[in-house]
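Below is one structure, written out as structure tokens, with a few remarks after it.
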Amino acid sequence: MNVRPSQKIMLSAVQPSHQLTLGNYLGALKNWIKLQHDYECIFFAVDLHALTVKRDPAQLKEQTYQAVATYIASGIHPDQAILFIQSHVPEHAELSWILNCFTYMGELGRMTQYKDKSTQQGKNIPAGLFTYPVLMAADILLYQTHLVPVGEDQKQHLEITRDLAIRINHLYGENLFTVPEIYSPPIGARIMSLQNPQIKMSKSDPDPNGVIYLMDSDDQIKKKFKRAVTDSGQEIIYRNDQPGIKNLIDISCALTGKTPEEWVNQYRGKQYGHLKIETADRVIETIAPIRSKTAELLKDRNYLDALLKQGAHRAREKAQRTLSRVYDKIGCVGGRY
Ligand code: TRP
């Protein structure tokens, strides 16, 4: 096992809703893999969060396994990182209830994700959609997390987590919870839809042509890139008013670590078609090995189950330490653990 420069905790999670996308890989997973040697890492699939909108049970189970298999296939070392499924660690739901009692309706009502998702739901809005950020705060605070790498859309939830930690520390003792920091991935890792480069490439996008799924076949990837919406100009330049081309360049940058200028130079005098085909090839080069490793892992459920059991065990040990201190401080009679 590597010796890490710090024993600080980094934690992140993905919702096992739909399949993971190239956006998830480049915006999240790839960073986690880079950082996993510098921190003690905790990664999990948030199946309880996924329940905030209607799910098909069989599909949720499958996508949860798929998320975990993809983490490992992408390069997360399950013997180093703590890898598990949220519902296997009941302390998440327990702490979530406690945090609910310290969270204000007003602050939850201001969350843009809640506003967006509740509008899509129509009349019967599940309370879980409203308290979603509280469960997320529990996810993070249970482990005395220092660093949370999340995308732009989750920053508001991180802010509420920090506010809760500070609020409760203030009431019950300064070091009950570590106040987590937000880690923002480097620029260029924000991957947009291939069909509408104004919006993020999202696993819940109703137009599958805009989204590259990590399980897409080589052919599907090629087709989607061929059909990618580009801009009205002719030249390959990296500018905000050419968001389609900019997105293709950003994808190439995120895959290779090269700068936009280097790609623009490489494509001088070439046409959009070249950039599309070659970006597709670069994506395939990265994704194809992850896809086949994921498929291989998914065939061996016993292996995955054993690994997840071990992950949950390691997670619970840490989670219980925090939770028993919390119960004690807020006035619940101890002795359970
Ligand atoms: N809400 C996050 C998302 O949709 C997923 C998530 C749940 C998460 N709990 C977390 C991310 C804790 C980081 C830390 O992307």
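The values are calculated or read from the model by the stated rules, or taken from the named source; none is laboratory data. Given the structure is predicted, the values throughout are model-derived calculations rather than measurements. No Cβ is skipped: glycine too gets one built from the backbone with ideal geometry, and neighbour counts run over all protein chains shown.
Numbers at a glance
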{"read-out": "Residue that is surrounded by the fewest Cβ atoms within 10 Å (Cβ to Cβ), among those in region 82-110 that are under 18 Å from the mean Cα position of the chain (by Cα) and either among the polar types (S, T, N, Q) or part of a loop (DSSP other than H, G, I, E, B) (or both)", "value": "Ser87"}
{"read-out": "Residue that is farthest from the ligand (Cβ to nearest atom) [pool: residues in region 128-165 that are touching a Pro at 6+ places or on another chain (Cβ under 6 Å) and not in a helix (DSSP H, G or I)]", "value": "Thr145"}
{"read-out": "Yes/no for Ile168 being away from the ligand (no atom under 15 Å from the Cβ), surrounded by 16 or more Cβ atoms within 10 Å (Cβ to Cβ) and within 30 Å of Gln320 (Cβ to Cβ)", "value": "yes"}
{"read-out": "Members of region 166-199 that are outside any loop (DSSP other than H, G, I, E, B) and among the charged types (D, E, K, R)", "value": "Arg167, Glu181"}
{"read-out": "Among (1) over 22 Å from Leu214 (Cβ atoms); (2) in contact with a helix residue (DSSP H, G or I) (Cβ under 9 Å, 6 or more places away or on another chain), the one test that Lys123 misses", "value": "(2)"}
{"read-out": "Which listed residue is under 17 Å from the mean Cα position of the chain (by Cα) and farther than 30 Å from Tyr272 by Cα, from Leu142, Leu176, Leu158, Leu214", "value": "Leu158"}
{"read-out": "Residues of region 8-22 classified as within 15 Å of the ligand (Cβ to nearest atom) and under 14 Å from Met215 (Cβ atoms), total", "value": "5"}
{"read-out": "Qualifying residue in region 180-203 (condition: modelled with pLDDT of 90 or more and farther than 19 Å from Gly27 by Cα)", "value": "yes"}
{"read-out": "Neighbours by Cβ (under 9 Å, 6+ apart or cross-chain): first from region 118-132, over 13 Å from Ser96 (Cβ atoms) and touching a residue at least 60 places away in the same chain (Cβ under 8 Å); second of a type outside the set (A, V, I, L, M, F, W, C) and within 14 Å of the ligand (Cβ to nearest atom)", "value": "Pro126/Thr52; Leu129/Thr52; Leu129/Gln113; Leu129/Tyr114; Leu129/Lys117"}
{"read-out": "Subset of region 34-58 [assigned to a helix (DSSP H, G or I), more than 16 Å from the ligand (Cβ to nearest atom) and at pLDDT below 95]", "value": "Lys34"}
{"read-out": "Val211 being within 10 Å of the ligand (Cβ to nearest atom), at pLDDT 90 or above and not charged (D, E, K, R)", "value": "no"}
{"read-out": "Among (1) at pLDDT 95 or above; (2) assigned to a loop (DSSP other than H, G, I, E, B); (3) among the small types (Gly, Ala, Ser) - the single one Ala69 does not satisfy", "value": "(2)"}
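Table: residues versus (1) surrounded by 19 or more Cβ atoms within 10 Å (Cβ to Cβ); (2) not hydrophobic (A, V, I, L, M, F, W, C).
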position	(1), (2)
Gln234	no, yes
Lys276	yes, yes
Lys299	no, yes
Gln310	no, yes
Leu323	yes, no
Ile330	no, no
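Conditions tested, residue by residue: (1) surrounded by fewer than 13 Cβ atoms within 10 Å (Cβ to Cβ); (2) touching a Phe, Trp or Tyr at 6+ places or on another chain (Cβ under 8 Å); (3) without any contact (Cβ under 8 Å) to a residue 40 or more places away in the chain; (4) more than 30 Å from Leu95 (Cβ to Cβ).
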| residue | (1), (2), (3), (4) |
| --- | --- |
| Asp241 | yes, no, yes, yes |
| Ile249 | no, yes, yes, yes |
| Thr286 | no, yes, no, yes |
| Leu307 | no, no, no, no |
